[in-house]
Amino acid sequence: MVWVFGLASVWAQGGGVAGLAWMEGHWSGQMGRAALEEVWIAPAGGAMLGVSRTVARDRMVAFEFLRIESRADGIYYVAQPGGRPPTAFKLTRSAAALAVFENPQHDHPKKITYRLEGANTLVAAVEGDEGGKPKLQEFRFERKAEARK
């Protein structure tokens with residue numbers, strides 16, 4: 001099974017969710033005229049917490065509560081777009097700067113992939129099908145410089 005290999009590589013990178021610490025940070029990007037932000041806090045207690053928002057024309061048009069958590073049967077990415085009930089995606093593959101989460105029963109997306117390109121670019125991709133047609137969306141984020149106090 002592919003996921004056993006992937007799960008083993010995450011565990012080898014620091015133990016469970018800690019192997020995904022490379023996602024930590026404040027990330028920002030653009031999609032047309034919309035500004036995208038995603039923030040992930042450091043792994044602790046077997047989980048990472050995240051939040052995202054999309055702002056267009058000085059108005060928040062979308063938000064999502066996120067978490068990555070360790071469960072008895074694996075590691076899961078849990079999304080709550082617009083604060084709706086959670087949908088879980090199981091980690092099926094990973095490497096030093098790659099994580100693939102899947103939920104084949106979900107309508108869209110069925111797969112969520114995160115990968116780090118260099119030290120400061122995070123790419124998130126969502127794949128699935130809408131209306132019976134394959135759909136892929138990719139979001140590119142740059143690490144946001146931390147504000148100095």
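Values in this text are rule-based calculations from the coordinates and carry no lab data. All figures in this text were calculated on a predicted structure; none of them were measured in a lab. Because the Cβ atoms are built from the backbone with ideal geometry, glycine has one as well, and the counts that use them run over all protein chains shown.
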Seminar exercise, completed: FRET efficiency (Arg33, Arg71; Cβ distance; R0 35 Å; to 0.05) is 0.35
Problem set entry | Expected 222 nm ellipticity per residue - DSSP helices of 4 or more, -39500 (n - 2.57), all of the chain, to 500 | -2000 deg cm²/dmol
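Net charge near His108: determine it from the other residues with C-beta under 15 Å of the C-beta of His108, scoring Lys and Arg +1 and Asp and Glu -1. Before the final figure, lay out each step's value.
Working: positive: Arg84, Lys110, Lys111, Lys133, Lys135; negative: Glu64, Glu102, Asp107, Glu127, Asp129, Glu130, Glu138.
Here the charged neighbours net out to -2.
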For this session: Mind giving me the nanometre distance, one decimal, between the label points for Phe63 and Ala125, set 7 Å out from Cα along Cα→Cβ?
Result: 3.0
For this session: Taking every pair of Cα atoms in the chain, average 1/r, invert it to obtain the Kirkwood radius, and report Rg/Rh to two decimals.
Result: 0.96
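Can you tally the net charge around Glu117? Count Lys and Arg as +1, Asp and Glu as -1, for every other residue whose Cβ sits under 14 Å from the Cβ of Glu117. Display every interim value, and only then the final one.
Numbers: positive: Arg115, Arg140, Arg143; negative: Glu138, Glu142.
Its environment carries a net charge of +1.
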For this session: May I ask you to compute the full-extension gain from Ile41 to Glu138, defined as 0.36 nm times their residue separation minus their alpha-carbon distance, rounded to one decimal in nm?
Result: 32.7 nm
For this session: Find, to one decimal place in angstroms, the Kirkwood hydrodynamic radius of region 78-144, where the mean of 1/r is taken over every pair of different Cα atoms and then inverted.
Result: 12.8
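Assuming R0 = 25 Å, can you tell me the calculated FRET efficiency for the pair Gln105 and Val51, based on Cβ-Cβ distance, to the nearest 0.05? Let's see the in-between values first.
On the way: r = 25 Å, r/R0 = 1.01.
Approximately 0.50, to the nearest 0.05.
Net charge near His26, counting Lys/Arg +1 and Asp/Glu -1 over other residues with Cβ under 13 Å of its Cβ?
Details: positive: Arg53, Arg143, Lys144; negative: Glu24, Glu37, Glu38, Glu142, Glu146.
Within the 13 Å Cβ shell, the charges total -2.
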